[in-house]
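Written out below as structure tokens is the structure these notes cover.
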Amino acid sequence: MRIPGVLAAALLVGAAACSTLELSTDYSPGTDFTRYRTFSFKGGATPRNPVAARSAEYAIGLALEGRGLTPAEAGGDLHVYMHFVLDRKLEVESYGYGTAGWYGMAWGGPVTTQVREIPVGTVVIDLVDAGSNGLVWRGVVKDEISTTAEPEEREKKAIEVARKLFAGFPPGSRE
């Protein structure tokens, strides 16, 4: 299922605040990343909320600039594609008086169970060589999505998550 645009940036945002943040990267071995100087974003599905999509794009752009690449309006050495996926997980919590007893006898009190559905999102960022059209690097962010953060907080956290994701870019570099 595709993430609506309003949740696109919220995923990058919520990822920084939660301890369940999962980041992973992979790249094509043998790629000479020193030859890449510029990047440009390429389209995908039209988001429902273009503001949120631009926020995610802004955070990723800042992270790439921080790693030495220059943005290009079109025709960059690397094309950046963003893919958003939304899933849900159930969180079940039961609490109450419980049971106690001796010799197999037990007693208990009322138990309450709450079930919550939590949105979990994944953002996949692909860097594609403009000349060969081959995938050279992929970064994945997965986390619970917070939809209650203020816009300024969302942007700040999106920037932080993107910076963490691109910390080892280009492959072989150290931060």
Practice task
Answer yes or no as to whether Asp77 is at pLDDT 70 or above, surrounded by fewer than 12 Cβ atoms within 10 Å (Cβ to Cβ) and not polar (S, T, N, Q).
Solution key: no
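Going through Leu86, Leu69, Leu12, Leu21 one at a time, which residue ends up being modelled with pLDDT of 95 or more and surrounded by 15 or more Cβ atoms within 10 Å (Cβ to Cβ)?
Values: Leu86 fails: modelled with pLDDT of 95 or more; Leu12 fails: modelled with pLDDT of 95 or more; Leu21 fails: modelled with pLDDT of 95 or more.
On inspection, the qualifying residue turns out to be Leu69.
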Fill in the blank from the handout: Of the residues in the range 49-66, those that are modelled with pLDDT of 95 or more and more than 14 Å from Lys156 (Cα to Cα) number 3
Problem - the range 125-175 - residue that is at pLDDT 90 or above and among the β-branched types (Val, Ile, Thr) and, of those, nearest to His79 (Cα to Cα) - result: Val128
Fill in the blank from the handout: Of the residues in the range 141-155, those that are in contact with a strand residue (DSSP E or B) (Cβ under 9 Å, 6 or more places away or on another chain) and surrounded by fewer than 17 Cβ atoms within 10 Å (Cβ to Cβ) come to Thr147
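Val111 - would you say it is over 15 Å from the mean Cα position of the chain (by Cα), at pLDDT 95 or above and among the β-branched types (Val, Ile, Thr)? Spell out how you get there, then give the answer.
Details: over 15 Å from the mean Cα position of the chain (by Cα): yes; at pLDDT 95 or above: no; among the β-branched types (Val, Ile, Thr): yes.
Answer is no for this residue.
The values are calculated or read from the model by the stated rules, or taken from the named source; none is laboratory data. Just so it is clear, the structure is predicted and the values come from calculations on it, not from any experiment. No Cβ is skipped: glycine too gets one built from the backbone with ideal geometry, and neighbour counts run over all protein chains shown.
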